[in-house]
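Worksheet: the structure to be examined is printed underneath.
The values are calculated or read from the model by the stated rules, or taken from the named source; none is laboratory data. Computed from a prediction, not measured in an experiment: that's the story for all the values here. Heads up, the Cβs are rebuilt from the backbone with ideal geometry, glycines too, and the neighbour counts pull from every protein chain shown. Note: areas computed on protein heavy atoms with side chains; ligands, DNA, RNA excluded. Shrake-Rupley method; radii C 1.70, N 1.55, O 1.52, S 1.80 Å.
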Amino acid sequence: MASEIIIDGESLTFEQVIDVAYGKPGEPCVVLSDTAKSAVERSAAAVQTLLDRGEIAYGITTGFGAFKDKIISRTEVEQLQRNIVVSHAVGVGNAFDVPTTRAIMLIRANTLARGFSGIRLSTIQLILEFLNRGVHPIIPEKGSLGASGDLAPLAHFACVVIGEGEAEYNGETLRGADALARAGLSPVTLAAKEGLALTNGTTVMTAVGLIETVKARKLSELADVSGCLSLEALHGTTSAFDERIHAVRPHPRQIECAANLRSILTDSQFVRDFDPSNVQDAYTLRCMPQVHGACRDAVLYAEWLLKLELNAVTDNPLIFVDGDNIDVISGGNFHGEPLALAFDYLTIALTELGNISERRIMRLTDEASNAHILPPFLTECGGLNSGFMILQYTAAALCTENKILAHPASVDTIPSSANVEDHVSMGATGALKLRQVAENLETILSLELMCAAQGVDFRKKVLGADRKLGNGTRGIYNRIRSAVPFIEKDEYLKDHIESVRAIVANI
C-alpha cells in the first residue's frame, strides 16, 4: 500500500480506491496534485468572475431543477448553496459502512479535482482531511434516483462539510460540527456553485459499484475453484474442458475459463478417466466454461466502465475557461444510465453463478443425482441424521432472492422535479441490488465448498486418504478443513458456515 496517494482527477485507480476505503485514516494519505490545485483555483475564480459580471448561470445565480428560471440575487448566493445541501439531505435506510463512505469521499474529491466544477481549493482540502483524519459522514443508502446524480446521499456527505448532519469519528457517531471539532477541523461556508458541486454526480453508485465489482472478480474466480472441488467430489471428468472444444467456439472468457479449470485440476487423482459407460457429466459440471466464462464477461465490462467513470466529471453545470472566456454549460453527465446498465448486467451474471453453484450443491447432496457416489445428504446415518440436507435449502432460498433482485433497475424510471428531470437511471438502486446479490453469492459458494469438502472426505474413505486433489483445489480444501471438521453426525452448523464464509470473504 502506498504511503501517499496524489489525486488529479485523471489517474485514480481501483487499487487506490480500495486502499483508501479499507485503510486507516491517513494510511495512505490523500493529497491533491499541483496541477489539480491550479485547475481548481482557475475554476473557482471563474465563478467569482461570473458573479462580478452579474451573469445568469444555472445553479450559481438560479434555483435548481424546476426552479431553474428563478433568479437568485448576489446577496443570497451563499444561502442558496447551503439550502441545496440541507434540503436534499433526505436519505433513508441504513448508513453506508465506513469503507464505502471513504470510497465516496475519495471519488468525489477526485472528480472535483479536474477543475470543471467551480469549487474552491479549501473545500476540496477539507474533504481530503476527512479521509486523512477519519471523519466519516453518516450517509443513508437509499434516496438516489441516479440522475441529477446521487443527490440525497451526497447531500448527507455535504452536510458534514458545513457542520451539519452526523459523522462517525473514532467509532462514535456525533453531530457534524462536533465530529469536525474533535478532528481539529472547521466547517466551511459554501460559496457560489459549491453546494451543487458537492451533491451532483454519480459518486455513490460508482463507489458501491466499484467495491462490488472488485468482489465480483474474486467470486467469479472462486466459482471455478468451488466447481472443481465439487467435480472431484462427484468423480467428474475434465474432458469437457479440452482446449480443442473451446477453440472452435472462440469466446475469450470461455477459453480462459476452460484453461483455468484445467489448471486447477492438474494432478488431481479424484477425476474420472475415460469411461465408456459414463462419457459425460451433467451441465453444472460440463458447462462451467460456458457459464462461468460468460459471467466473467460481465465483470470485465463493469471494470472497463468504472475505470472511465472513476476519472470522469459528472456534476452540472460544468465550467470551461479559455483565457478570459468563461462558458457555463448545462448537460447531463450526472445521469447514471451507463452504470445502471452495467450493474444490472453484473447482477444477472452473479445470480447465474449462484444458480449453477446451487445445482452442484443439489448433486452433492442427492444420492440419485450423483449415481450413489456419495451418501444421501452427505451423511452415513441418514434418517437419524439429516446431514447437509438443509444447506441446499439455504442455497436455494438465496438463489431465489437473487433472481428477484436480478430484475433490472435500469428499465425503471419515475419522473421527478415537476417533470423537468423526467428520466432517471436508478443506478444507485442497481448498485445496492448488486451488493446484496454479491453477498448472497458469497454464502452460496461457501455452502458449495463446505458440501464439496464433505464429499471429498467420503471419497477418501473409499479411495484412500493419500489421494491428491488438484493443484488449485488442494489449498482451499485444506483451509476449509483447518476451520471446519468432517461432520460425522448432526450438530449445530451455522458456526461452521460462518467459518467458511470468513475464508471466502478473505480470499
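Scalar couplings 3J(HN,Hα) for the range 324-336, obtained by applying the Karplus form with A = 6.51, B = -1.76, C = 1.60 to θ = phi - 60°, are 8, 8, 10, 10, 9, 10, 8, x, x, 5, 6, 6, x Hz; x denotes Gly and Pro. Taking packing as the residue-averaged number of other Cβ atoms within 10 angstrom, the listed peptides 100-108, 305-313 run from highest to lowest as 100-108, 305-313. Spin-label model, A483/R249: points 7 Å from Cα along the beta carbon direction are separated by 3.4 nm. As a calculated quantity, the FRET efficiency between V90 and Y492 at R0 = 45 Å, using C-beta atoms, amounts to about 0.55.
All Cα-Cα distances of the range 306-375, cut into 10 Å bins from zero to the largest, leave 16, 22, 18, 14, 12, 9, 6, 3, 0 percent in each bin in turn. The C-alpha radius of gyration of the range 279-427, expressed as a fraction of 2.2 N^0.38 Å, stands at 1.63. Which of rounded, prolate, oblate describes the range 77-126, given a ≥ b ≥ c as roots of the alpha-carbon gyration tensor eigenvalues and a/c under 1.5 marking rounded, otherwise prolate only if a/b is larger than b/c? Oblate.
Explain nothing, just the number: dipole magnitude of the chain about its Cα centre with +1 on each Lys and Arg Cβ and -1 on each Asp and Glu Cβ, in debye rounded to the nearest 20. Working shown, then result.
On the way: 45 positive and 62 negative charges, 151 e Å.
Charge dipole of the chain: 720 debye, to the nearest 20.
For the range 406-498, chymotrypsin sites (Phe, Trp or Tyr not before Pro) are listed when DSSP marks them as loop and at most 13 other Cβ atoms sit within 10 Å of their Cβ; the list is F486, Y492. In order along the range 371-376, the Karplus-derived 3J(HN,Hα) couplings, from 6.51 cos²θ - 1.76 cosθ + 1.60 at θ = phi - 60°, round to 6, 6, 5, 10, x, x Hz, and Gly and Pro are given as x.
Among A282, V98, F320, whose Cα lies farthest out toward the positive end of the dipole of the chain, if unit charges sit on the beta carbon of Lys, Arg (+1) and Asp, Glu (-1)? Ranked along the dipole, the leading option is A282. Applying the criteria of a DSSP loop state and at most 15 other Cβ atoms within 10 Å to the trypsin sites (Lys or Arg not before Pro) of the range 466-500 yields R467, K468, K489. Distance between the 7 Å Cα→Cβ label points at A371 and C29: 6.5 nm.
Are any of the pairs K218/K494; K218/K307; K468/K494; K468/K489; K215/K460; K70/K142 more than 22 Å apart by Cα-Cα distance, and if so, which? Walk me through the numbers on the way to the answer.
On the way: K218/K494 24 Å; K218/K307 17 Å; K468/K494 29 Å; K468/K489 25 Å; K215/K460 33 Å; K70/K142 29 Å.
With Cα atoms farther than 22 Å apart: K218/K494; K468/K494; K468/K489; K215/K460; K70/K142.
Dipole magnitude for the range 204-286: about 320 debye, using +1 per Lys or Arg Cβ and -1 per Asp or Glu Cβ, origin at the Cα centre. Scanning residues 5 or more positions from C29 or on other chains, those with amide H under 5 Å from its amide H are E4, I5, with H placed 1.01 Å from N in the peptide plane. Helical content alone sets the calculated 222 nm signal of the chain at -17500 deg cm²/dmol, taking -39,500 (n - 2.57) per DSSP H segment of four or more residues and averaging over every residue.
Taking every protein chain into account, the accessible area of the chain amounts to 41 square angstrom per residue (probe 1.4 Å). Which residues in the range 354-383 place their backbone N less than 20 Å from a point set 7 Å from the Cα of C287 along the Cα-to-Cβ direction? Output list for this probe position: 354-366, 369-371.
Using the Cα gyration tensor of the range 57-157, with a ≥ b ≥ c the square roots of its eigenvalues, what is the shape: rounded (a/c below 1.5), prolate (a/b larger than b/c) or oblate (neither)? Mind showing how you got there, number by number?
Details: a/c = 2.13, a/b = 1.39, b/c = 1.53.
In terms of gyration-tensor shape, oblate.
Between Y22 and D412, the contour length at 0.36 nm per residue exceeds the Cα-Cα span by 137.1 nm. Placing unit charges on the Cβ atoms of the charged side chains and taking the dipole of the chain about its Cα centre, the candidate lying farthest along the positive direction among V135, I60, V484 is V484. Here is the tail figure for the range 298-342: Cα pairs spaced more than 15 Å apart come to 54 percent of all pairs.
Of the chymotrypsin sites (Phe, Trp or Tyr not before Pro) in the range 334-364, which ones lie in a loop per DSSP and count no more than 15 other C-beta atoms within 10 Å? Mind showing how you got there, number by number?
Working: sites: F334, F343, Y345; in loops: F334.
For chymotrypsin sites (Phe, Trp or Tyr not before Pro) across the range 334-364 that sit outside H, G, I, E and B with at most 15 neighbouring Cβ atoms in 10 Å, the list is empty.
Sorted largest first, the principal axis extents computed over the alpha-carbon atoms of the range 151-240 equal 68, 30, 18 Å.
Between the Cα long axis of helix 34-53 and the first principal axis of the chain there is an angle of about 40°, rounded to the nearest 10. Checking (i) 290; (ii) 158; (iii) 184 against volume of the Cα convex hull per residue in Å³ calculated from these atoms, the matching label is (ii). About its Cα centre, the range 144-228 has a charge dipole of approximately 140 debye under the convention of +1 per Lys or Arg Cβ and -1 per Asp or Glu Cβ, with nothing else charged. A simple packing score, the average count of other Cβ atoms within 10 Å per residue, orders the peptides 266-277, 76-87, 193-204, 141-152 as 193-204, 141-152, 76-87, 266-277, with the highest score first. In the range 404-480, the portion of solvent-accessible area held by carbon and sulfur atoms comes to 54 percent [1.4 Å probe, whole percent, DNA, RNA and ligands not counted]. On a 0 to 90 degree scale, rounded to 10, what angle separates helix 474-483 from the longest Cα axis of the chain? So the inclination is approximately 80 degrees.
Considering only Cα atoms, the convex hull volume of the range 201-263 works out to 90 Å³ per residue.
Looking at the chain alone, DSSP beta bridges between its own residues are antiparallel in about 75 percent of cases. Enter the angle in degrees (range 0 to 90, nearest 10) between the Cα long axis of helix 427-463 and the first principal axis of the Cα atoms of the chain, meaning the one along which they spread out most. The angle comes out near 20 degrees.
How much of the accessible area of the range 12-62, in percent, comes from carbon and sulfur atoms when a 1.4 Å probe is used? Please list the in-between numbers first.
Details: 1130 of 2310 Å².
That fraction is 49 percent.
Using a ≥ b ≥ c from the Cα gyration tensor of the range 13-116 (square roots of the eigenvalues), is it rounded, prolate or oblate, where a/c under 1.5 gives rounded and otherwise the larger of a/b and b/c decides, a/b for prolate? Oblate is the answer for the range 13-116, as a/c is 1.5 or above yet b/c matches or exceeds a/b.
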